[in-house]
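J.: Pasting a structure below so you can have a look.
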Amino acid sequence: MSYTVQVLPEATEEVGEIFTYYERGKPGLGHRFLQALNACYQSLALSPSGQKRKGDFRHAMVHKFPYRVVYEVRGHLVVVYQVRHTSRKPHPRFGP
């Protein structure tokens with residue numbers, strides 16, 4: 001079964017900030033981050049069963065980058081709420 005991944009505007013904004021940060025530090029690194037993030041999204045579209053952390057919210061790690069994708073599965077839809085650095089304080093709603 002295939003799922004549809006919907007990235008909320010708040011998460012898209014976070015991704016833009018992460019991209020800019022990486023590109024300023026080392027040109028090309030932002031693009032590598034986006035490739036890793038898109039691979040994570042593709043994996044969620046195929047099999048969104050991740051570690052359940054807080055209620056219905058799940059987390060998936062971005063390969064080779066210290067970020068996690070916070071999402072929820074609603075039927076055949078995967079809703080992405082956040083792309084959050086792993087060292088940041090946990091969000092009260094979504095958990096660590």
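Values in this text are rule-based calculations from the coordinates and carry no lab data. For clarity, every value in this text was computed on a predicted model and none was experimentally measured. For neighbour counting, all protein chains shown are included, and Cβ atoms are generated from backbone atoms with ideal geometry for every residue, glycine included.
J.: Cβ contacts < 9 Å: first residue surrounded by 12 or more Cβ atoms within 10 Å (Cβ to Cβ), restricted to segment 1-17; second residue of a type in the set (Phe, Trp, Tyr) and assigned to a helix (DSSP H, G or I), any location; separation 6+ or different chain. Result?
T.: Sorted first by the residue in segment 1-17, then by its partner, the pairs are Val5/Tyr41; Val7/Tyr41; Val15/Phe33.
J.: Follow-up. Would you check which residues across segment 22-33 are among the aromatic types (Phe, Trp, Tyr) and either out of contact with any strand residue (DSSP E or B) (no Cβ under 9 Å at 6 or more places or on another chain) or exposed (fewer than 15 other Cβ atoms within 10 Å of the Cβ) (or both) and list them? So that I can check it myself, show each step before the final result.
T.: Taking segment 22-33 first, the residues among the aromatic types (Phe, Trp, Tyr) are 22, 33.
Tyr22, the sole residue that qualifies.
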